[in-house]
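Nothing in this text is a laboratory measurement; each read-out follows from the coordinates by a stated rule. No experiment lies behind these values; they were computed from the predicted model shown. Don't worry about glycine lacking a Cβ; one is built from the backbone with ideal geometry, like all the others, and counts go over all protein chains shown.
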Amino acid sequence: MSIKDAMGHKEHFRKCVWESPFHPRTAALNIRNEWHRWKDYSTADAFFDEQLEYAAIRNACAVFDLTPMTKHLITGPDALAFLNRLVTRDVAKIRPGRVGYTIWCDDNGQVIDDGTIFHLREGVYRLCSQERQLDWLTRNAFGFDVTIVEDTHDVTGLALQGPTSCAVLKAIGCTGVQNLKPFEIGFYAFAGTELTVSRTGFTGDLGYELWIDPEHALELWDALFDKGKIHGIRPMGTHALEVSRIEAGFLAAQVDFHPADQAIMIDRSRSPFELDLGRLVDFSKPCFNGRRALLEEQKKGSRYRFVKLDIEGNKPARSAYIYDKDKNVVGTVTSAEWSPSAKKNIAFASLHMPWGRPGDELWAEIYYQRELKWYKVMARCHVTEQPFWDPPRRRATPAADF
Amino acid sequence: MTDRNRIVVVGGGHNGLACAAYLARAGREVVVLEAAAQVGGAAVTREFSKDFRVSGCAHLSYLLDQGIARELKLASHGLKWAREGLKTVALSPAGDHLVYKDGQLETGTLSDGDRKGLAEYHARMLKFARILAKQHNRKPPRLGGGGRAELMGAAALGLDIRLLGREDMREFLRIAGINIYDVLEEIFESPLLKGALALDAVMGANLGPRSNNSVLALLHRLSGQAAGNPGLSIPAGGMGSISEAMAAAARAAGATIRTASPVKRITLEVDRVSGVELESGEMITAGTVVSNADPARTLFGLLGARHLETGFVHRVRHFRNKGMAAKLHLALEALPSFTRLSSELAGERLVISPDLVYLEHAFDAAKYGQCSPEPALEITIPSLADKSLAPPGKHVLSAIVLYAPFDERANGDAARRELLDRSLAVLDRHAPGLRRQVVASELLLPADIEREFRITGGHWHHGELALDQFMMMRPVPGAAQYEMPIGGLYLCGAGCHPGGGVMGSAGRNAANAVLATERAA
């Protein structure tokens, strides 16, 4: 039974957590047998050692199973107009064969989710998102000649991330893949089918995402691990990905912001400006969801500021309160990790305005436990503007082999 | 080039005309564009058969705002009344009719308790309706607006309710959201009286007597009288005369009114209206467009959902606007003779709703997409007082027929024929021989009203008058202050506060909103 049949089957409730088509391989490699549930799929936390998996991302290449990512295919004469009303950025600027990162808001200018728009072919778009969006997309479709098909289960995805990723793709037959620019899409013949490769990822490194039909999933995996062996290929779980995405400065829904359509308290959601994503808001578009509210916010000022923090010491400031110099709480940390590459204690934080200006004196209240005893440190935080990890190879085209 | 000073009013219904008149009086350049050949929208007099004319949709005036009538000098612009303050005749097939007006029984047999109850019921409902009446000319407060004006508006409403006194306030709060069936059962014995009184609470609405919100609908209906309107009245020349007088007032103030000029779409310049395009292709530029059309037609038909944000679109899509009443017009070769009813009383408002169960059963069918097998009717024979409507000796009968759902299962020629036949059967039972007097007939189902009067869903009030679609939530929260979430676009029709009925207040309030926004800019 294919994934599609299984999910569409009336007996689906008998098995509520699904296995990705890559599961036969990931299960064999997951010697720790550690899994969690990601949008109704079993997903590995880590396979053998999260630090070594992380090291593969930064020093060789690592593979992450993206299949559970929510995907919608959007087509029809009004596909562009539909997307432009849906999201805050100008989708007309995402040419065919390109990918764009975007966010979308409700009428109050509060972020519902973030994701990527793949302009696969002229007028054919795929929207990838963290959260389920079919209801919101359907609601948005009124008045547009557009077809929306959720194809989450019909397309499998793998992220192949790290400096040797390009070399591995060339080795499995993606000729010329080194010429793909960041956010560009290429199509390659593979095992008698079409392999879609986009130079995208969640690690801030040289890397690609690979998209293929479920029937060819295992062949793709086997080819990557066969040809990738001498390039140091490893599977990675979400722990390793988490460290790399924070280093790269990427937000995660449900972690760094609460999706507006799931927020019950009105001050729990965030606007794009409050997530430091104002660059994704294009007011020159005459209408998009949240435009009026966001214009108003520009006039009145935002409530929150989203910042990257470089925190003194080496204890990750997970969920820490942030204080000003007078010990007033001015915000909280949303994500925090020790960055092995930057050798820094890094974090994202959502602070009340006006806090978070470069130079503000901020302190994180960090708790940690040693042998059942809790310790607390107050660590000085420095607001930083740049991502913690941004190597030139991330953008260099043609991509090098390493 | 956009002529920013020009204001286009889309639709020359009575509210559009009132709005145009007030804007023109304030010195604005106003152009009213009406699709039909004559102004009036649903307040219109039309010939449905050669030499027989009748009020085409609304057929009684009871909500017309007296302040507007005075300020626009409608009398000097030609508005005369054929009848004012009609009595209600609750028809009984056997001829034991009840005739009452303003809570006083004039003819018929009722127990002492019912007589007393009728007077008290009328007085109390009128008192409650006054609370709504006081809101007619106020812009509803914006929910969560937080501004001083919003708080004052909400406080004024609260104060009006508090000032009812402890006992009446409790009673108001108890019954405002409930159903008329329970209220009437508490007070009255006479099935005929209860049936007739209940009709006033459900007419035109998607409500049976046992549906909640029916008390509110009744209070809305009574709010005209509570505000000083003389009650059920018929203008000389039919309801179209009100519209004609408003049009004359608008013209006198300098507005231009163009009929047979259907608007195709509202044009935009970035995120503001820039005017309208007519079906003829003509472009008219304007900085402000005020639409008398219903919310769905304005926002989806003329503007386009894609120019609005999704949450707002979703709310407007779920504005309940399906009509539930049909309109019956009969050309009669002679005055019908209702059993044991004097020809004098035949000119009053006649209602056929013999009891609460009859009315609820009529609604039951409609709930499931069928026209009522035994419809309830509100009947006027305006030609008795206005000879201009029919040839000498002949008459026109106008009736509102309950229920006829806006539903594909109850649409089309067969449904129309069937409801006409059932209506005639009911009429014939009360006025034997009436069926043979009919020389021409017309029955407008809600779908016909939608087509004829360009009202989405064919709902008289552009949408249900219910607590969730009332005042600051009419048509939808966030757009209840006439101003739509697109620069320069306003609504001024019955889909706004204070709702349906030939009142004019929505038009005037919208004009005030336009002027207030101009001042704030």
Quiz prompt | Residue order, fewest to most surrounding Cβ atoms within 10 angstrom, among A:18, A:374 | solution = A:374, A:18
Quiz item: Modelled label-to-label distance, residue A:194 and residue A:375, 7 Å Cα→beta-carbon offset: nm?
Solution: 5.7
Quiz item: To the nearest 0.05, how large is the calculated FRET efficiency for residue A:48 and residue A:268 if R₀ is 30 Å and r is the Cβ-Cβ distance?
Solution: 0.20
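Quick check on my link table: of B:194/B:327; B:87/B:194; B:87/B:387; B:80/B:116; A:299/A:325; B:80/B:264, which ones sit more than 25 Å apart, alpha carbon to alpha carbon? Don't skip to the answer; put the middle values down first.
Numbers: B:194/B:327 23 Å; B:87/B:194 16 Å; B:87/B:387 20 Å; B:80/B:116 35 Å; A:299/A:325 29 Å; B:80/B:264 35 Å.
Pairs exceeding the cut-off: B:80/B:116; A:299/A:325; B:80/B:264.
Mind ranking A:269-282, B:18-31 by how tightly packed they are, going by the mean number of other C-beta atoms within 10 angstrom, highest first?
Taking the mean over residues of other Cβ atoms within 10 Å, the ranking is B:18-31, A:269-282.
So if R0 is 45 Å, what FRET efficiency would residue B:418 and residue B:344 give, r being the distance between their Cβ atoms, rounded to the nearest 0.05?
0.85
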Quiz item: What is the Cα centroid distance between segment B:138-178 and segment B:295-333, reported in whole angstrom?
Solution: 28
Exercise. Determine which aspartates and glutamates satisfy two conditions relative to residue A:170: a Cα distance under 12 Å, and not lying fewer than 8 residues away in the same chain.
Key: A:401
Quiz item: Which whole number gives the average count of other chain Cβ atoms within 10 Å of the Cβ atoms across peptide A:133-146?
Solution: 3
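Set the Förster radius R0 to 30 Å, insert the Cβ-Cβ distance between residue A:138 and residue A:16 as r into 1/(1 + (r/R0)^6), and round the FRET efficiency to 0.05.
On the way: r = 23 Å, r/R0 = 0.78.
Efficiency at R0 = 30 Å is approximately 0.80.
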Quiz item: Within chain B, which cysteines find no other Cys whose Cβ is under 4.7 angstrom from their own?
Solution: B:57, B:371, B:496
Self-check item: Length released on extending from residue A:329 to residue A:279, taking residue separation times 0.36 nm less the Cα-Cα span
Solution: 15.2 nm
Self-check item: DSSP-defined antiparallel bridges as percent of all bridges, chain B, nearest 5
Solution: 70
Quiz prompt | Under 5 Å, built H, 5+ apart or other chain: amide partners of residue A:41 | solution = A:18
Quiz item: Which residues in segment A:157-193 have a backbone N closer than 17 Å to a point placed 7 Å from the Cα of residue A:393 along the Cα-to-Cβ line?
Solution: A:160-171, A:177-182
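Would you calculate, for chain B, the mean residue ellipticity at 222 nm contributed by helices, counting each DSSP H stretch of 4 or more residues as -39,500 (n - 2.57) and dividing by all residues, to the nearest 500?
Calculated mean residue ellipticity at 222 nm is -10500 deg cm²/dmol.
With a cap of 16 neighbouring Cβ atoms within 10 Å, and only residues DSSP puts in a loop, list the GluC sites (Glu not before Pro) found in segment A:109-196.
Loop-located and lightly packed - A:122, A:131.
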Self-check item: Additional length obtainable on full extension of the chain from residue B:265 to residue B:516, 0.36 nm per residue less Cα span
Solution: 87.8 nm
Quiz item: Looking only at other chains, what is the average number of their beta-carbon atoms within 10 angstrom of each beta-carbon in B:265-272?
Solution: 2
Practice problem: Starting from the Cα of residue A:32, step 7 Å along the direction of its Cβ; do the same at residue B:84; then give the gap between the two resulting points in nm. | Solution: 8.8
Self-check item: Mean-position separation - Cα centroids, segment B:420-480 and segment B:487-516, in angstrom
Solution: 22
Self-check item: Separation of the residue A:93 and residue B:252 label points, Cα + 7 Å toward Cβ, nm
Solution: 5.8
Quiz item: Using mean Cβ contacts within 10 Å as the protection proxy, how do B:84-97, B:238-251 order, highest first?
Solution: B:238-251, B:84-97
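State the antiparallel share, in %, of DSSP beta bridges confined to the protein assembly as shown, rounding to the nearest 5.
Numbers: 130 of 155 bridges.
Roughly 85 percent of the DSSP beta bridges within the protein assembly as shown come out antiparallel.
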Quiz item: What is the fewest-to-most order of A:315, A:39, A:327 by other Cβ atoms lying within 10 Å of their Cβ?
Solution: A:327, A:39, A:315
Quiz prompt | Helix-only [θ]222 nm of chain A, DSSP H runs n ≥ 4, -39500 (n - 2.57) each, per residue, nearest 500 | solution = -5500 deg cm²/dmol
Quiz prompt | Cβ-based exposure ranking for B:187, A:322, in which fewest neighbours within 10 Å come first | solution = B:187, A:322
Exercise. Based on the mean of other Cβ atoms within 10 Å per residue, sort peptides B:275-281, A:156-162, B:442-448, B:261-267 so the most packed one is first.
Key: A:156-162, B:442-448, B:261-267, B:275-281
Self-check item: Peptide A:104-115, shielding by other chains (average Cβ, 10 Å cutoff)
Solution: 2
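State, as an integer percentage, the relative contact order of chain A based on alpha-carbon contacts under 8 Å between residues 6 or more apart.
In percent, rounded to a whole number, it is 18.
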